[in-house]
Amino acid sequence: MKSISISGQSRTDLGKKATKEVRKQGMVPCVIYGEDKGENGLPQAIHFLVDEKQINKVVYTPNIYVVNIDLDGKTRQAVVKEIQFHSVKDNVLHVDFYEVNPTKPIVMAVPIAPEGLAEGVRAGGKLVTMVRKLKVRATVDAIPEKLTIDVTKLGLGKSIKCGDLSYEGLELVTPKEVVVVTVKMTRAAMGAAAAAAKK
């Protein structure tokens, strides 16, 4: 998996007025949930700010990244947990990060990449991707940039479900019954099938 580096600055004033002001200055409020636990047993949250241009490089991309966050002279390795967007402008309002430990498995959504020309497409059908990403559990160094799916033998009206897939070193967390890709019947394919049946 690719990595990207960003730098942030600690934030102590968490009020609404202060948050509005830092956004005006082109900064995005962020939180990183660390490995250390608080008194309530939940991961401790570290609040910080990152320049909007840096955050956009992490968010607006088809790639998934391990993010190296330089914060107060210490680099923390993390992955994006959740992103909050503006409802109208669609700009990034807030990002939650989850600190990762190279030795501990994490759950992450990985983009899928269908490969090959499906038999059903050759017969006039249309390959439809039902989900863009699948959730996997593995250590961060074992998580690939994408999950390739061979669709060559996929016929008309047939589907590949999550339960049909397996990858070495990865545990698929997405439910087995979820349809990942399917070849849908088109009018052209229906016409060809009808014509073939009449012969």
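The values are calculated or read from the model by the stated rules, or taken from the named source; none is laboratory data. Bear in mind the structure is a predicted one, so any value in this text is a computation, not a measurement. Backbone-built Cβ (ideal geometry, glycine too); neighbour counts: all protein chains shown.
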| note | Of all strands (runs of 3 or more DSSP E) fully inside the stretch 1-98, the set with 3 or more residues that are closer than 20 Å to LYS135 by Cα, in contact with a helix residue (DSSP H, G or I) (Cβ under 9 Å, 6 or more places away or on another chain) and touching a residue at least 12 places away in the same chain (Cβ under 8 Å) is 65-71, 74-85
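Quickly run through the stretch 70-95 and pick out the residues that are among the β-branched types (Val, Ile, Thr), farther than 16 Å from MET1 by Cα and surrounded by 10 or more Cβ atoms within 10 Å (Cβ to Cβ). Give the derivation first.
Narrowing the stretch 70-95 to residues among the β-branched types (Val, Ile, Thr): 75, 79-80, 83, 88, 92, 95.
When the remaining residues are screened for being farther than 16 Å from MET1 by Cα, the result is 75, 83, 88, 92, 95.
Those that are among the β-branched types (Val, Ile, Thr), farther than 16 Å from MET1 by Cα and surrounded by 10 or more Cβ atoms within 10 Å (Cβ to Cβ): THR75, ILE83, VAL92, VAL95.
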| under 12 Å from the mean Cα position of the chain (by Cα), assigned by TED's automatic domain parsing to the domain that holds LEU172 and within 23 Å of ILE64 (Cα to Cα), is that true of ARG132? | yes
| request: Answer with yes or no whether TYR98 is out of contact with any Phe, Trp or Tyr (no Cβ under 9 Å at 6 or more places or on another chain) and aromatic (Phe, Trp, Tyr). | output: no
| said: Just to check your reading of the model, which residue among GLY15, GLY41 is out of contact with any strand residue (DSSP E or B) (no Cβ under 9 Å at 6 or more places or on another chain) and under 29 Å from ALA142 (Cα atoms)? | reply: GLY41
